[in-house]
Amino acid sequence: MTVSEFEISRDWTTDRRGPGRWILSHVSRHKLFVAGMLLGAVGNAALAAAMPLFVGQAVDAVTTSPPDLRALTIAAALVAASQLVRGLVLQLLRNWSSEVLGQRLERDIRDELYASLIGKSMSFHDQQPTGDLMARATNDVRQINLMFNPGVNLVIGSANFLLMPLIVAPSIHPQLVIAPFLYLLAYAVSVRDYLRQLRPATERVRHVFGEMNTTLAEAIDGIETVKGAAQEDFESRRFAEGVTSWRDAYVRQGDIEARFIPLLLLGLVQGLGFFHSLLLFRAGAIGLDNVIAFNGLLLLLGFPTFAAQFAYSRVASGFASARRILELITYETELDQNVSGYEASMEGRVAFENVAFCYNAPGEACDPGDEQVVLQDVSFRVRPGQTVAIVGQTGSGKSTVAKLISRIYDVDGGRVLIDGIDVRHWNLDALRHQVSTIEQDIFLFSRSIEENIAFGCPDADRHDVIQAARAAQAHQFITSFEHGYDTVIGERGATLSGGQAQRLAIARAFLTRPAILILDDATSAIDSETEDRIQRAIEQAARGRTTFLITHRLSQIRWADLIVVMRRGEVAAVGTHDELMEESPVYRNIFARYES
Ligand code: ADP
Ligand code: MG
């Protein structure tokens, strides 16, 4: 199984065997910034640890009699210099590196995810709610950025603060390693526990956010339906429920964060360390300056403790998001690009041989007799250049037949042949470039009219576009707009009428010159004034290529070379108008109904 029908090529790949490896493989592309982050973090912590030692020296200098002013000045200068270097060089290096790393990861992952989504098959997109997809593509990707800055940045930065007292304290007195060591142990155990509790909570937050986004996307996408049925109240209540469960999930995560044990342990360890150093002082093993230096060192533990609570939850959220993004990227599809497949200029011969099909998830079986069977035992043959009308009631499977030709979906049984070659053996790119479909619901991008017509044919220049628009009877209305071909279309073609959108789509087809053209109910949205024009455009478009017309228009049906009558997913009859009028009661029936 492959994970996409089209691979969009990149000069890098990632390890997709698990979220951890995946993130690492992204990170490893930016080694320089990782090095900067580590260097900055280690240096920063080292200089922070040096500070209490300098302070200890200063105390030593003022408590000897007479006070050693020279030593005091040196200690003060060292404090100032070390903290300047820390602030101006090391912290800057650490924060800058992790910020750049976070942004680059976000960019790369967006890029990888987008390429992967674009390449997925229709059966994948059928099953993925847009809102959840968008949540993953935006919010979850963002979480990975935050995972590194401030998340990993703080984890690495503060981990060094955890280690420094352990390394430096023994140089004061070997026994002083006890308190920081105990703390490190307790810290490790409780962070492990914390992460284990945090994981399901963060996953829940991400998941609920995706659901909330789905509700929102559906309400906006279906706003006409919502308003038409006066369901604004219901929908907004549904959304409020989504928001509430998102909040609850967040509060639950906050609960766990609040019960972060090391905060309590920190106080205990600092008390213990203070007591221990005083005991050593009383025994004469260390001086007062050492007591101050050591307790200063223990203060360093505060940073990892406070930072960890927040930093680890960023890391846990990032991990949950990585898992969700990877889930999309690695989702398997049945279709594949078939790069080594058959590639040739199409003549336009089409044959269906006992085709069976149902809309189901990849890998799911489709047994004959099942309820979800959409097509069954569909067979017909079309010669190059013929115009074929597919007729039948709504839901009889006409559009599905069209989608099997361009391999938007794959058959579950039988074969679809183009020029005698199974469509599954065609190179998918070659196949789709030569089969062009104009759907009932025409999608126009919020780009200029010219770009919309040239979609699928980016090399076309203005001259080609105008020629295509003329042939599609669209030139006239386009030039009537103030900005002509540069008019930017509102989303979903809002500023164009149905008929105008149809003609843009037909112009698109003229440009791409497909060997097989499929018009799915393409004239249903058209008023009678433009019908004539459309009719002429279609006739011109159908010339010299195999054309499928899925239509209710009698004029078009009558004029077809071949008529395929569909009924409940099966072919009820095939023939010319005259033949069918004579032989097929189903056809006569449909014909009579259309006429009325
Ligand atoms: P027609 O174009 O003749 O109206 P379709 O081919 O669109 O019929 O649909 C045939 C059947 O398949 C219908 O029962 C419809 O509900 C179902 N169907 C269509 N598209 C999908 C889809 N993407 N997922 C699941 N079922 C679908
Ligand atoms: Mg249809």
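The values are calculated or read from the model by the stated rules, or taken from the named source; none is laboratory data. Everything numeric in this text was worked out from a predicted model, so none of it was measured. No Cβ is skipped: glycine too gets one built from the backbone with ideal geometry, and neighbour counts run over all protein chains shown. Side chains included, ligands, DNA and RNA excluded: accessible areas come from the protein's heavy atoms. Shrake-Rupley method; radii C 1.70, N 1.55, O 1.52, S 1.80 Å.
In µm²/s, what is D for the range 350-595 at 10 °C and 1.306 mPa s, where D = kT/(6 pi eta Rh) by Stokes-Einstein and Rh is the Kirkwood radius from Cα pairs?
The diffusion coefficient I find is 85 µm²/s.
Whole-Hz ³J(HN,Hα) for each residue in the range 465-480, computed from phi via Karplus 6.51 cos²θ - 1.76 cosθ + 1.60 with θ = phi - 60°, x for glycine and proline: what do you get?
Once rounded to whole Hz, the list reads 4, 5, 4, 5, 5, 4, 4, 8, 6, 10, 4, 4, 6, 5, 6, 6.
For the chain, give me the percentage of DSSP beta bridges that are antiparallel, rounded to the nearest 5 percent. All intermediate terms of the calculation are to be shown ahead of the outcome.
Numbers: 20 of 38 bridges.
Approximately 55 percent, going by the DSSP bridge assignments.
Compute the projected area of the convex hull of the Cα atoms of the range 19-329, averaged over all viewing directions, and report it in nm² to one decimal place.
19.6 nm²
Around Asp377, which amide H atoms from residues at least 5 apart in sequence, or from another chain, sit under 5 Å from its own amide H, with H modelled in the peptide plane?
Val355, Ala356
Return the percentage of antiparallel bridges among DSSP beta bridges fully within the range 350-595, rounded to the nearest 5 %.
55 percent
Residues in the range 311-345 near a label at Ser9, defined as backbone nitrogen under 20 Å from the 7 Å Cα→Cβ point?
Those under the cut-off are 336-344.
Taking the Cα centroid of the range 217-235 and of the range 1-74, what is the distance between the two, rounded to the nearest whole Å?
Using only Cα atoms to place each centre, the spacing works out to 51 Å.
Please give the solvent-accessible surface of Val269 in Å², to the nearest 10, using a probe radius of 1.4 Å with every protein chain present.
20 Å²
Using modelled backbone amide H atoms (1.01 Å from N, in-plane), which distant-in-sequence or interchain residues come within less than 5 Å of Glu5's amide H?
Close amide H contacts, sequence-distant or interchain: Lys120, Ser121.
Summing Lys, Arg as +1 and Asp, Glu as -1, what charge do residues with Cβ under 14 Å from the Cβ of Ala240 carry, Ala240 excluded?
On the way: positive: Arg237, Arg238, Arg247; negative: Glu211, Glu232, Asp233, Glu235, Glu241, Asp248.
Once all neighbours under 14 Å are counted, the net charge is -3.
Per the Kirkwood treatment, what hydrodynamic radius in Å, one decimal, follows for the chain from the mean inverse distance over all distinct Cα pairs?
Result for the chain stands at 29.6 Å.
Could you do me a favour and compute the accessible area per residue for the range 19-329, 1.4 Å probe, result in Å²?
Ligands and nucleic acids excluded, the result is 48 Å² per residue.
For the range 528-596 and the range 238-278, what is the separation of their C-alpha centers, rounded to whole Å?
Centre-to-centre distance over Cα atoms comes out at 70 Å.
Name every cysteine in the chain that ends up alone, with no second cysteine's Cβ under 4.7 Å, or say none.
That list is Cys457.
Would you list which lysines come within 19 Å of Lys403, measuring only between C-alpha atoms, while excluding same-chain residues fewer than 8 positions from it?
Within reach: Lys120.
Taking +1 at the Cβ of each Lys and Arg and -1 at the Cβ of each Asp and Glu, which of Val55, Ala81, Leu32 sits farthest along the dipole of the chain towards its positive end, judged by Cα position relative to the Cα centre?
Of the options given, the answer is Val55.
Determine, at each q value in 0.20 (inverse angstroms), the log₁₀ of I(q)/I(0) that the Debye formula gives when each Cα of the range 335-452 is one equal point scatterer.
-1.21
If you filter the range 126-227 for trypsin sites (Lys or Arg not before Pro), then keep DSSP loop positions with at most 10 other Cβ within 10 Å, what is left?
Counting only loop positions with at most 10 other Cβ atoms within 10 Å, none of the trypsin sites (Lys or Arg not before Pro) in the range 126-227 qualifies.
If you find the alpha carbon centre of the range 77-138 and of the range 334-406, how far apart are they in angstrom?
Here the two parts' Cα centres lie 43 Å apart.
Net charge near Val155: determine it from the other residues with C-beta under 14 Å of the C-beta of Val155, scoring Lys and Arg +1 and Asp and Glu -1.
In short, +3.
In what order, largest first, do Val564, Val586 sit by accessible area if the probe radius is 1.4 Å?
Greatest to least solvent exposure: Val586, Val564.
Would you mind putting 469-476, 413-420 in packing order, based on average other-beta-carbon counts within 10 Å, highest first? Don't jump to the answer; show the numbers that get you there.
Details: 469-476: 21.0, 413-420: 18.0.
So the peptides 469-476, 413-420, ranked by packing, come out 469-476, 413-420.
Taking N as the number of residues in the range 135-180, what value does Rg over Cα atoms divided by 2.2 N^0.38 Å take?
1.87
So how exposed is Asp193, as accessible area in Å² (1.4 Å probe, rounded to 10)?
Roughly 70 Å² of Asp193 is accessible to a 1.4 Å probe.
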